[in-house]
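Working notes, beginning with the structure itself.
The values are calculated or read from the model by the stated rules, or taken from the named source; none is laboratory data. Just so you know, these numbers come straight off a predicted model, no measurement behind them. Neighbour counts run over all protein chains shown; Cβ positions are idealised from the backbone, glycine included.
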Amino acid sequence: MVPMKIAVAKGRIAEKARELLTKGGIAFPDTLFDERKLVITSKDGDYQLLFVKASDVPTYVEKGAADIGIVGKDTIMEDGKDVYELQDLGFGNCQLVVAGFPDSFPVDTKSLTVATKYPSIAKAYFDKAGIHTEISRLSGSIELAPIVGLSEVIVDIVETGSTLRDNGLVILREIAKVSTRVIVNKASYATKTTEVKHCMELLKNGVEGRRADNHNA
Ligand code: PRP
């Protein structure tokens, strides 16, 4: 059969995704995480992992270059791509927050300067609150922005909180809780329903296997 293509976000969640897929029963060659390989095929030839930048996963899935994607909810929210979101994998739990120095977001604020990797989410959040924003889109080291005066606040994800702490910043508002999700191409879901459902089952087995391991640890 034609392999089921799974786009996996490189970075923090890639290792977790590998653990999950393996526990779900998908065996890959040992070269799985050879940094330079961008496509790996499972030993049975049924699955292909595509290693892509997290922010590109929804595009691969929407366009059908991948049938399935594994990526953070924050990226899905920011992109607003036309895909099905089918499963919460229960790892990569983070908060999407407004952060800054302690007094940088008074309750009566009417306008703010914001630095973020998530301009769409930030705009929607502040628009809803009736706050005018000037948003600077950055691609990393977001916490630097308030320190050097590029922005009053940031919108970013927080996992352990150590990056905020180490830079003297605090959470000012929570926008959403986010975690790693499975997204599916709409045409793939319609035309390869059995294969997609089987893959979801394998991922579910992986999640349950991981939970069982944690429980027994
Ligand atoms: C993310 C995020 C924060 C940090 C939060 O950055 O943008 O900077 O992680 O994690 P923590 O709460 O555990 O400290 P990432 O590590 O992806 O690096 P980046 O600055 O290159 O975006």
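For the subset of the range 134-151 comprising residues that are within 13 Å of the ligand (Cβ to nearest atom) and among the polar types (S, T, N, Q), which member is surrounded by the fewest Cβ atoms within 10 Å (Cβ to Cβ)?
So, considering only residues that are within 13 Å of the ligand (Cβ to nearest atom) and among the polar types (S, T, N, Q), the one surrounded by the fewest Cβ atoms within 10 Å (Cβ to Cβ) is SER139.
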(Q) Please pick out the residue among ARG181, ARG165 that is among the basic types (Lys, Arg) and near the ligand (Cβ under 9 Å from one of its atoms). (A) ARG165
Q: Working only within the range 30-73, note down all residues that are closer than 15 Å to PRO3 by Cα and over 20 Å from the mean Cα position of the chain (by Cα).
A: ILE40, THR41, SER42, LYS43, ASP44, GLY45, ASP46, TYR47
**Q.** Selection from the range 78-93 of residues that are at pLDDT 95 or above and closer than 23 Å to LEU20 by Cα
**A.** VAL83, TYR84, GLU85
Q.
Among the listed residues PHE28, PHE33, identify the single one that is of a type in the set (Phe, Trp, Tyr), surrounded by fewer than 17 Cβ atoms within 10 Å (Cβ to Cβ) and either modelled with pLDDT under 85 or at positive phi (or both).
A. PHE33
**Q.** Which numbered condition GLU134 misses (of (1) charged (D, E, K, R); (2) farther than 22 Å from GLY92 by Cβ; (3) at pLDDT below 95)
**A.** (3)
(Q) Please go through (1) within 13 Å of the ligand (Cβ to nearest atom); (2) under 27 Å from TYR60 (Cβ atoms) for GLN87 and return the number of the only condition it doesn't satisfy. (A) (1)
Q | Out of VAL98, VAL71, VAL8, sole residue that is in the same structural domain as GLY149 (by TED's automatic domain parsing) and in a strand (DSSP E or B) | A | VAL98
Q: Taking PHE105 as meeting all but one of (1) assigned by TED's automatic domain parsing to the domain that holds SER120; (2) in contact with a helix residue (DSSP H, G or I) (Cβ under 7 Å, 6 or more places away or on another chain); (3) assigned to a loop (DSSP other than H, G, I, E, B), write down the number of the exception.
A: (2)
Q: Mind telling me which of the residues ILE121, ILE154, ILE175 ends up being within 16 Å of the ligand (Cβ to nearest atom), touching a residue at least 40 places away in the same chain (Cβ under 8 Å), among the β-branched types (Val, Ile, Thr) and part of a helix (DSSP H, G or I)?
A: ILE121
Q.
Could you go through the range 46-69 and let me know if any residue there is under 16 Å from THR180 (Cβ atoms), within 14 Å of the ligand (Cβ to nearest atom) and crowded, with 16+ Cβ neighbours inside 10 Å.
A. yes
Q: Kindly list, by first and then second residue, each pair from a residue in the range 130-146 that is in the same structural domain as ALA54 (by TED's automatic domain parsing) to a residue that is more than 8 Å from the ligand (Cβ to nearest atom), limited to pairs with Cβ atoms under 9 Å and residues at least 6 apart or on different chains.
A: none
